[in-house]
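Enquirer: Take a look at the following structure, please.
The values are calculated or read from the model by the stated rules, or taken from the named source; none is laboratory data. Given the structure is predicted, the values throughout are model-derived calculations rather than measurements. Because the Cβ atoms are built from the backbone with ideal geometry, glycine has one as well, and the counts that use them run over all protein chains shown. The accessibility values were calculated without ligands, DNA or RNA, using every heavy atom of the protein model including side chains. Shrake-Rupley method; radii C 1.70, N 1.55, O 1.52, S 1.80 Å.
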Amino acid sequence: MNTRPLYFDYAATTPVDERVIQVMIECLGFNGNFGNPASSSHAFGQQARQTVENARRQVAELVGAQAQQIVWTSGATESNNLALKGVAQARGVSGGHIITSQIEHKAILDTARQLQDAGVAVTYLVPDAEGLITPQAVSEAMRDDTFLVSLMLVNNELGTVNDIPAIGEVVRGRGALFHVDAAQGAGKVAIDLAQWPVDLMSFSAHKLYGPKGIGALYVGPRAQQRLQAQIHGGGHEGGLRSGTLATHQIAAMGSAFALAAEAFDDEKKIIVALRERLLEQLLSLPGVRLNGSITQRIPHTLSLTFSEGEFNPAALSHSIAFSATSACNSASNTPSHVLLALGHDAHLAGRTIRLSLGRFTTAEDIDKAVDLIKTACASAPAFWATGL
Ligand SMILES: *Cc1c(COP(=O)(O)O)cnc(C)c1O
């Protein structure tokens, strides 16, 4: 009876791959690669530096970038802060306009609010019915003083994929910089920064079988001279992000990204098959529907609304670990801003769950989860109405 719930929350975080854990451990102890990568005068530092630069190349390779365009950060939250605040502050003038969307991660939305307080005008685009931001919507929102557009590659609640290359063309055409939060997209969508008209892109290790607390920001040639550091002290990372490089975290992120590149095609096939198995069974239930585009999506992340009959996500969470998107803004206890932007009311948002699959999901997990969900749909807990 002491078993853990089935894990269906890979979009929140992934376990670290055992192979990545090994790489990480080797950078910690006295017999390992523990040196300070900035200690260039001796072998310990030189070895650590080599490891850091190797990892930088591994991250760059997954996304078609050059190694020197990758800046290490503490995660996608910091990368997003550096991109938005860094670009706004480097302009050296107040005012101006940026464009983002209503369905971005809080790491973008809260940062955009900060810029608003500092006098930057912000447009929050509304997604279409499919949960997508269209190039046309971006085009219509562009102003003469728009200096930055920030949109996500893959939405963390819906799994929908924006057409970033097409949007990038629009942004480039108007001379603004384009930042993309790719925390949910790296390793799942084929990203080619050598071709894509994108200037800044945020990554996180812990969404891709690496550890928490490490991420990166891609800084392309157009953004290089238009980005102000947010953390000062020593001038690491070309002056863009100071602080002793966390060799173990960085090596682990590099390893995780290299493994993702290696597994890309096979993993996609496996997840698609698991997704089909899950959806076939769940969409046959009355009143169950998938939120967001059916075609423009990754297979890993599924937002499902159970609009009919009895359904109690809270009871289900003892046996399945998923994200109850109604509780997404748990601090404020308000419904998911993403679902509201899609036109859900609080009631429907409260009957929506996000199931996200990953590397360690099995067909058996899927079948067990389906059985548990079917049972939850059939039962009628009296306390359901208070669950909103
Ligand atoms: C997880 C996530 C983040 C935050 O990443 P951290 O590395 O945890 O700071 C930002 N954006 C999106 C879309 C995410 O899914």
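Enquirer: Tell me whether the range 249-268 contains one or more residues that are closer than 30 Å to residue 54 by Cα, outside any helix (DSSP H, G or I), touching a Gly at 6+ places or on another chain (Cβ under 7 Å) and open to solvent by less than 40 Å² (accessible area, probe 1.4 Å). Break it down stepwise before answering.
Expert: Going through the range 249-268, the residues closer than 30 Å to residue 54 by Cα turn out to be 249-268.
Those left that are additionally outside any helix (DSSP H, G or I): none.
No.
Enquirer: So residue 59 passes all but one of these: (1) closer than 14 Å to residue 203 by Cα; (2) loosely packed, with under 14 Cβ neighbours inside 10 Å. Which condition number does it fail?
Expert: Going through (1) closer than 14 Å to residue 203 by Cα; (2) loosely packed, with under 14 Cβ neighbours inside 10 Å one by one, residue 59 breaks only (2).
Enquirer: Of all residues in the range 9-42, which are closer than 22 Å to residue 242 by Cα and of a type in the set (A, V, I, L, M)?
Expert: Listed by number, the residues that qualify are 24, 28, 38.
Enquirer: Name every residue in the range 134-163 that is within 16 Å of the ligand (Cβ to nearest atom) and more than 15 Å from residue 108 (Cα to Cα), in order of residue number.
Expert: Those that are within 16 Å of the ligand (Cβ to nearest atom) and more than 15 Å from residue 108 (Cα to Cα): 158, 159, 160, 161, 162.
Enquirer: I need a count of the residues in the range 308-346 that are polar (S, T, N, Q) and either at pLDDT 90 or above or closer than 23 Å to residue 359 by Cβ (or both). Explain how you work it out, then say what you get.
Expert: Filtering the range 308-346 down to residues polar (S, T, N, Q) leaves 312, 317, 319, 323, 325-326, 329-330, 332-334, 336.
Remaining after also requiring either at pLDDT 90 or above or closer than 23 Å to residue 359 by Cβ (or both): 317, 319, 323, 325.
Residues in the range 308-346 being polar (S, T, N, Q) and either at pLDDT 90 or above or closer than 23 Å to residue 359 by Cβ (or both): 4 in total.
Enquirer: State whether the residues of the range 8-19 include one that is within 16 Å of the ligand (Cβ to nearest atom) and part of a helix (DSSP H, G or I).
Expert: no
Enquirer: Taking the range 42-80 as the search range and keeping residues that are under 17 Å from the mean Cα position of the chain (by Cα) and of a type in the set (S, T, N, Q), which one is nearest to the ligand (Cβ to nearest atom)?
Expert: Per the stated criteria, the residue is 77.
Enquirer: Sticking with this structure for a sec: Starting from residues that are small (Gly, Ala, Ser) and within 8 Å of the ligand (Cβ to nearest atom), keep the ones in the range 186-221 and report whichever is surrounded by the most Cβ atoms within 10 Å (Cβ to Cβ).
Expert: Filtering the range 186-221 for residues that are small (Gly, Ala, Ser) and within 8 Å of the ligand (Cβ to nearest atom), the one surrounded by the most Cβ atoms within 10 Å (Cβ to Cβ) comes out as 202.
Enquirer: Further, regarding this structure: Can you find a residue in the range 304-323 that is outside the structural domain of residue 60 (by TED's automatic domain parsing), surrounded by fewer than 19 Cβ atoms within 10 Å (Cβ to Cβ) and within 20 Å of the chain's Cα centre (by Cα)?
Expert: yes
Enquirer: Inspect all residues belonging to the range 69-84 and state whether any of them is of a type in the set (Gly, Ala, Ser) and free of Cβ contacts under 8 Å to residues at least 60 places away in the same chain. If you could, list the steps in order and put the result at the bottom.
Expert: In the first step, residues of the range 69-84 are kept if they are of a type in the set (Gly, Ala, Ser); the result is 74-76, 79, 83.
From the residues that got through so far, the ones that are free of Cβ contacts under 8 Å to residues at least 60 places away in the same chain too are none.
Among the residues of the range 69-84, not one is of a type in the set (Gly, Ala, Ser) and free of Cβ contacts under 8 Å to residues at least 60 places away in the same chain, which makes the answer no.
Enquirer: Please pick out the residue among 14, 77 that is open to solvent by less than 30 Å² (accessible area, probe 1.4 Å), modelled with pLDDT of 95 or more and among the hydroxyl-bearing types (Ser, Thr, Tyr).
Expert: 14
Enquirer: If you check residue 123 against the conditions, is it buried (at least 17 other Cβ atoms within 10 Å of the Cβ) and within 12 Å of the ligand (Cβ to nearest atom)?
Expert: Judged against the criteria, residue 123 is not a match.
Enquirer: Starting from the range 141-157, take each residue that is not assigned by TED's automatic domain parsing to the domain that holds residue 358 and list its partners that are within 16 Å of the ligand (Cβ to nearest atom) and of a type in the set (Gly, Ala, Ser), counting only C-beta distances under 6 angstrom and pairs at least six apart or across chains.
Expert: From residues that are not assigned by TED's automatic domain parsing to the domain that holds residue 358, the pairs are 151/101; 153/182; 153/185; 154/185; 156/11; 157/303.
Enquirer: Taking residue 90 as the residue in question, decide whether it is more than 30 Å from residue 365 (Cβ to Cβ), open to solvent by 40 Å² or more (accessible area, probe 1.4 Å) and assigned by TED's automatic domain parsing to the domain that holds residue 171. Can you show your working first?
Expert: Details: more than 30 Å from residue 365 (Cβ to Cβ): yes; open to solvent by 40 Å² or more (accessible area, probe 1.4 Å): yes; assigned by TED's automatic domain parsing to the domain that holds residue 171: yes.
Yes: the conditions hold for residue 90.
Enquirer: Follow-up. For the range 93-106: of the residues being over 17 Å from residue 146 (Cβ atoms) and open to solvent by 10 Å² or more (accessible area, probe 1.4 Å), which is nearest to the ligand (Cβ to nearest atom)?
Expert: 105
Enquirer: From the list 5, 37, which residue is over 30 Å from residue 190 (Cα atoms), surrounded by 14 or more Cβ atoms within 10 Å (Cβ to Cβ) and under 25 Å from the mean Cα position of the chain (by Cα)?
Expert: 5
Enquirer: Can you find even one residue in the range 107-115 that is over 20 Å from residue 255 (Cα atoms) and more than 16 Å from the ligand (Cβ to nearest atom)?
Expert: Taking the range 107-115 as the starting set, the residues that turn out to be over 20 Å from residue 255 (Cα atoms) are 107-115.
Cutting the leftovers down to more than 16 Å from the ligand (Cβ to nearest atom) gives us 115.
Among the residues of the range 107-115, at least one is over 20 Å from residue 255 (Cα atoms) and more than 16 Å from the ligand (Cβ to nearest atom), which makes the answer yes.
Enquirer: For the range 109-147, enumerate the residues that are under 25 Å from residue 160 (Cβ atoms) and of a type in the set (Phe, Trp, Tyr).
Expert: 124, the sole residue that qualifies.
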